[in-house]
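Visitor: Here's a structure for you.
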Amino acid sequence: MTSFAYPLEDGSGEVVVATTRVETMLGDTAIAVHPDDARYKHLHTKFAMHPFNGRKLPIVCDADLVDPELGTGCVKITPAHEQKDYELGKLHHLEAINIFTDDGKINKNGGSEFEGMQRYVAREAVVEALRSKGLLRGVEEKDMRIGICSRSNDVVEPMLKPQWYVRCSTMGKEALDAAGDGKLEIIPKQYSADWRRWLENVHDWCISRQILWGHRIPAWYATLEEDQLKKFGTYIDHWVVARNEEEAREEAAVKFAGKKLLDLSQDPDVLDTWFSSGLFPLSAFGWPDQTEELKAFYPGSVLETGLDILFFWVARMVMLSMKLSDGVVPFSKVYLHPMVRDAHGRKMSKSLGNGIDPLEVINGESLAALQTRLEKGNLDSKELVVAKEGQVKDFPNGIPECGADALRFALVSYTAQSYNINMDVQRVVCYRQWCNKLWNAVRFAMMKLGDDYKPPVKTMCPETMPFSCRWILSVLNKAVIKTVDSLNGFELADAANTVYSWWQYQFCDVFIEAIKPCFSGENSDRTHAQDTLWVCLETGLRMLHPFMPFVTEELWQRLPSPKGCEREASIMICEYPSPIEEWTNEKVEAEMEMVMATVKTIRTLRAAESMERQRNEKLHAFALCGNITTLEIVQSHELEIRTLASLSSFEVVLKGEDRSSQAGSAVVETVNENLKVYLKVDGAAIDPEAEREK
C-alpha cells in the first residue's frame, strides 16, 4: 500500500491518498472525500494538482464510495481503470484517461517519463518519482484480494475500452410486463422474484467481446482521407452497420458522400455468446427469413433450462424475441431445473476434478479409467493430486454401470430439491436395482398371462371382478390422476414418486402376491386376474415411460396385443394414460387399507426376535374384532390376508366370542382400536419376558 500526496492548487496544503496500484495515478482525474468528514470540509470545491502532468484534479464528495474510517479518508479516482471510479466519474462528468496499452505497457497518456514501461516496472518508477518530488508518504505491506485470470494466471487489469451496447431499458420493461401480465410463467414460482429483480434494475448490455470465436460484430469502420488520425476506431461517428461488406460500402457511400474513403474495415470483436444464443427462438427456424418452420413453431410453449442462467439467457431471449417479432413472447412457460452438484454439495469444477460424466454413470467406469481422464485434462499438479484423492474417496471401486433409465429417473426424482441437486451415484445405483426388479416383476406377470392370452378389447368393468382387481384398478386410476396433475404442474419429482410408489408398493408388493390364488387350478377368477394384470402392465408402462424410456419400451413391445386392434409401432407415440372414472372405488381402497394394516401387523409379529425359530413357517392366526363392521370387512377378505401374510389359516371372531384363552401359545398385537391379531406359535419359541413387557 503506497501513500502519497497531491499538492493543492492554491498552495494551501496537500491531500494524501493511498493505493495498491500506484501506477494508475497517472490516469487520476479527481480525488473523492466523504461529504460529512470534518477533516476535509475546507477542501470541498477545491482542486489538487497532478505532479507529473499538471492536470487539475477536482475534489468531489461521495458518501457511497468513500469510507472516512479507511486509510486517509481520501480516495484517488481513476475512471478508466476501476469500475467504482468509472461510475463516480459518470456522476461528476470526469474524464476517463486510459494509460495502458493492450499488452500492459504505459501509453503516451501516462507521460513520456513512463511511456513504454510494463505496469510493474512503472509502479516502481512512479514510487521513485514521487519520492524525488518529496510527495511519497509511505509504503507498507498489506494483505488483499486480487483478480487472477484463470487461463494465464496474470493479475487482471481493469481497462476502459470502446464497446458495443444494447439499450435494455425498454426491452427489459416489456419482458418484465410479459411475466406480470401472465404471458410468461416462470416455474418454480419463487424465481419470479429473481426475474423482477434483474429486469427492474437492468443496465445497458455490452455485447462485444475481444475473443477469437463467435459471430463477428456486423459493423465496419470507415477511414477517410480528411481524418487527422488514421487509427482504427478513433472517431465514433465513422461506423456503419450492415449485413455484409457490400451493404456496408453502400451505407458508407451515402453517409460519407463527397468524401474520399481510404479504408473500410470490419470490427474484429465478436458478439457476446448470450446475444447469439438469445436469438435462438427465432434463428432456429431460419429467421430473418419468414420460413414455414418459423410460422409453424414460433412461438414455442415450454423452455427448460438451469436456474443459474435465468437472466443471462432466458431474459435475453425474451427481450430480443419480443423486439424482433412485434412483441410476441417466444414461449409461454419457463421451467428451471436445479443445479447439479456433487454428493457433498460442492459445485462441479475442473480444479476439484469432481465433475461426473453422465456416460460414465450410464456405462460404468473403473477408478483407474476415471483417474486417467483426470491426467489427460488440464489440471496443474496440485489440483490433480486433490482431484485424485477425491475420486478415491467417492468412488473407491469406480462407478458401477447404471444405465440411462436409472440416471434419468434419479435426476427427475432429485428435482424435489429446488435449488441444488447433490448428485450421489449410489442413489442412481438404487434405481438401477429397481429397474431389475421391474423387469423381473413384469416378466413374472407375463408368465401368468400365458402364450395364448388375448387382452380385452373394451374397457373393463370392475363390478364383477375380485376384490384385489377392483382395488388395483382404483389405485392405478388415482396414480394416473396424480401423475398427470403433477406433470401439468411441472412437479416432476412428485410425478416420478407417484409412479414409483404404484409400481413398487401396490403392484409388486401387494397385487401380484394377492392374485396368486387366482392362478391355482381352474379358478373362476383367473380370466379377471389376467385381464387386470395386462391392463396394469400396459397402463403402468405407459405411465412410467417418460421417466424410464428404454426399459419400458422393451417390456411394452413384449406385451400381447388385443385381437383385431392395430398396435402403435412404439410406446413413445402411444397416448399417455388418462383416468377412467368407473375404476375409482373409495370403499374398496378403505377396506384394503384395513387388510394391509392387518397384514403388516402380522408381519411385525413374525419379525420379532422371539419368533426367529418359526419365522419361515406358515402359522395360524386369528383376528379379534371389536364390532360387526370390522368383523365383516376382515372376514370378507380372509383370503387376501392369509395370502399376503403367508398364513396356514386365518380365523375372524367377534369380541363377545373371545377365544384368546383357547389360543394356547400366541403372540398378540393391536391393529387399531377395533382390531387385534393373534399369531399362534410354538410355546418354546416365545420369550415370556418380552411378551409380558408388551
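Visitor: For the modelled label position 7 Å from the Cα of SER276 along Cα-to-Cβ, which residues of the range 234-269 have backbone nitrogen atoms closer than 19 Å?
Guide: The answer is 242-245, 266-269.
Visitor: Hey, another quick one. Using just the C-alpha positions of the chain as equal point scatterers, what log10 of I(q)/I(0) does the Debye formula give at each q in 0.06, 0.09 1/Å?
Guide: -0.63, -1.02
Visitor: For the chain, what proportion of DSSP beta bridges, expressed in % and rounded to the nearest 5, is antiparallel?
Guide: Close to 70 percent.
Visitor: Under 19 Å from the Cα of LYS255, which aspartates and glutamates turn up, not counting those fewer than eight places away in the same chain?
Guide: Those aspartates and glutamates meeting the cut-off are GLU225, GLU226, ASP227, ASP237, GLU245, GLU246, GLU247, ASP263, ASP267.
Visitor: Still on this structure, please answer the following. Would you calculate a helix-derived [θ] at 222 nm for the chain, using -39,500 (n - 2.57) for each DSSP H run of n ≥ 4 and dividing by the full residue count, to the nearest 500?
Guide: It comes out at -11000 deg cm²/dmol, rounded to the nearest 500.
Visitor: For the range 427-584, rounded, prolate or oblate, judged on the Cα gyration tensor with a ≥ b ≥ c (square roots of eigenvalues), a/c < 1.5 rounded, else prolate if a/b > b/c?
Guide: Verdict is rounded for the range 427-584.
Visitor: Assuming 0.36 nm per residue, please report the length gained on full extension of the stretch GLU651 to PHE297 beyond their Cα-Cα distance.
Guide: Taking GLU651 through PHE297 to full extension adds about 120.9 nm, to one decimal.
Visitor: Where does the charge balance sit around VAL241 when Lys and Arg score +1, Asp and Glu -1, over other residues with C-beta under 14 Å from its C-beta?
Guide: For residues surrounding VAL241, the net value is -4.
Visitor: Further, regarding this structure: Which listed residue (VAL392, SER366, ILE356) has the Cα farthest towards the positive end of the charge dipole for the range 351-401, taking +1 on Lys and Arg C-beta and -1 on Asp and Glu C-beta about the Cα centre?
Guide: Toward the positive end, the furthest listed residue is VAL392.
Visitor: What percent do you get for the relative contact order of the range 222-266 when only Cα pairs under 8 Å and 6+ apart count?
Guide: 58
Visitor: Return, ordered by residue number, the residues of the range 216-237 whose backbone nitrogen is under 16 Å from a label point located 7 Å along Cα→Cβ of GLU247.
Guide: Residues passing the 16 Å test: 216-221.
Visitor: Calculate one ³J(HN,Hα) per residue across the range 316-322 by plugging θ = phi - 60° into the Karplus curve 6.51 cos²θ - 1.76 cosθ + 1.60, and present them in order as whole Hz with x for glycine and proline.
Guide: Values per residue, Gly and Pro as x: 5, 4, 5, 4, 5, 5, 5 Hz.
Visitor: In addition: Here is the link list: LYS333/LYS478; LYS448/LYS482; LYS142/LYS350; LYS183/LYS333; LYS183/LYS323. Which ones come out longer than 20 Å on Cα distance?
Guide: Too far apart for the 20 Å limit: LYS333/LYS478; LYS448/LYS482; LYS142/LYS350.
Visitor: Also, I was wondering about something else. In debye, nearest 20, what is the charge dipole magnitude of the range 221-317 about its Cα centre with +1 on Lys and Arg Cβ and -1 on Asp and Glu Cβ, if you could check?
Guide: 180
Visitor: Same structure, new question: Could you sort the peptides 170-183, 638-651 by per-residue average Cβ neighbour count (10 Å cutoff), highest mean leading?
Guide: Put in order of decreasing packing, that is 638-651, 170-183.
Visitor: Remind me, relative contact order of the range 351-401 in percent, using alpha carbon pairs under 8 angstrom and six or more residues apart?
Guide: Reported as a whole number, the value is 61 percent.
Visitor: D for the range 222-266, whole µm²/s, Stokes-Einstein with Kirkwood Rh over alpha-carbon pairs at 10 °C and 1.306 mPa s: what number?
Guide: Translational D for this selection: 149 µm²/s.
Visitor: Where a Cα-Cα gap under 19 Å defines reach, which aspartates and glutamates qualify for LYS295, not counting those fewer than 8 residues away within the same chain?
Guide: Straight-distance partners of LYS295: ASP326.
Visitor: From Cα pairs below 8 angstrom and at least 6 apart in sequence, can you work out the relative contact order of the chain, rounded to a whole percent?
Guide: 7
Visitor: Next question, about the same structure. Computed FRET efficiency, Cβ-Cβ of ALA343 and ALA125, R0 41 Å: what is it to the nearest 0.05?
Guide: It comes to 0.20.
Visitor: Continuing with this model, one more query. Measure off 7 Å from each Cα along the Cα-to-Cβ vector at ILE481 and GLN83, then give the distance between these two points in nanometres to one decimal.
Guide: Taking the simple label geometry, ILE481 and GLN83 are separated by 5.3 nm.
Visitor: Okay, next question. In the structure displayed, which of LYS90/LYS231; LYS516/LYS676; LYS41/LYS84; LYS108/LYS230; LYS46/LYS105; LYS108/LYS260 lie more than 28 Å apart, Cα to Cα?
Guide: Distance filter (> 28 Å) returns LYS46/LYS105; LYS108/LYS260.
Visitor: Under the rule of at least 5 residues apart or a separate chain, name every residue whose amide H is placed under 5 Å from the amide H of LEU675.
Guide: Answer set, sorted by chain and number: GLY626.
Visitor: I would also like to ask the following. Using all alpha carbons of the range 257-360, what is the percent of pairwise distances in each 10 Å bin, ordered from the shortest bin to the longest?
Guide: Using 10 Å bins, I get a P(r) of 12, 30, 23, 21, 10, 3, 1 for the range 257-360.
Visitor: So for each of 431-440, 309-318, 194-203 I average, over its residues, the number of other beta carbons within 10 Å; can you give me the resulting order with the highest mean first?
Guide: 309-318, 431-440, 194-203
Visitor: Sorted by packing (mean other beta-carbon atoms within 10 Å per residue), highest first, where do 96-106, 489-499 land?
Guide: 489-499, 96-106
Visitor: Exposure proxy check: CYS565, CYS206, CYS168 ranked by fewest other beta carbons within 10 Å?
Guide: So the residues, fewest neighbours to most, are CYS565, CYS206, CYS168.
Visitor: Follow-up question, since we're still on this one. What does a probe at SER150 reach in the range 309-348, counting residues whose amide N is under 11 Å from the point 7 Å along Cα→Cβ?
Guide: Residues 348 qualify, since their backbone N sits under 11 Å from the label point.
Visitor: Any idea what the dipole of the chain comes to, in debye rounded to 20, about its Cα centre with Lys/Arg Cβ at +1 and Asp/Glu Cβ at -1?
Guide: Computed about the Cα centre, the dipole is about 600 debye.
Visitor: Quick one: compute a quarter of the convex hull surface over the Cα atoms of the range 2-139 and quote it in nm².
Guide: Here the figure is 7.8 nm², rounded to one decimal.
Visitor: Oh, and also: If r is the Cβ-Cβ distance from GLU586 to CYS565 and R0 is 35 Å, what FRET efficiency results, to the nearest 0.05?
Guide: 0.65
Visitor: Right, next: Under a point spin-label approximation (7 Å from Cα along Cα-to-Cβ), what is the ASP509-ASN436 distance to one decimal in nm?
Guide: 2.0
Visitor: Sticking with this one: Expected output is a single nm value to one decimal: the length gained when fully extending between GLU638 and LEU70, i.e. 0.36 nm times separation in residues minus the C-alpha distance. What is it?
Guide: 196.1 nm
Visitor: Which value in nm describes the separation of the simple spin-label points at THR234 and LYS600, placed 7 Å from the Cα toward the beta carbon?
Guide: For THR234 paired with LYS600, the spin-label model returns 8.5 nm.
Visitor: Between helix 586-607 and the chain, what is the angle of the helix's C-alpha long axis to the longest principal axis, kept within 0 to 90° and rounded to the nearest 10?
Guide: Once rounded, one gets 80 degrees.
Visitor: Say R0 is 41 Å: what FRET efficiency, to the nearest 0.05, do HIS92 and HIS215 get from their beta-carbon distance?
Guide: Calculated value: 0.65.
No lab work stands behind these numbers, since they all come straight from the coordinates. All figures in this text were calculated on a predicted structure; none of them were measured in a lab. Positions of Cβ are backbone-derived with ideal geometry, glycine not excepted, and every protein chain shown enters the neighbour counts.
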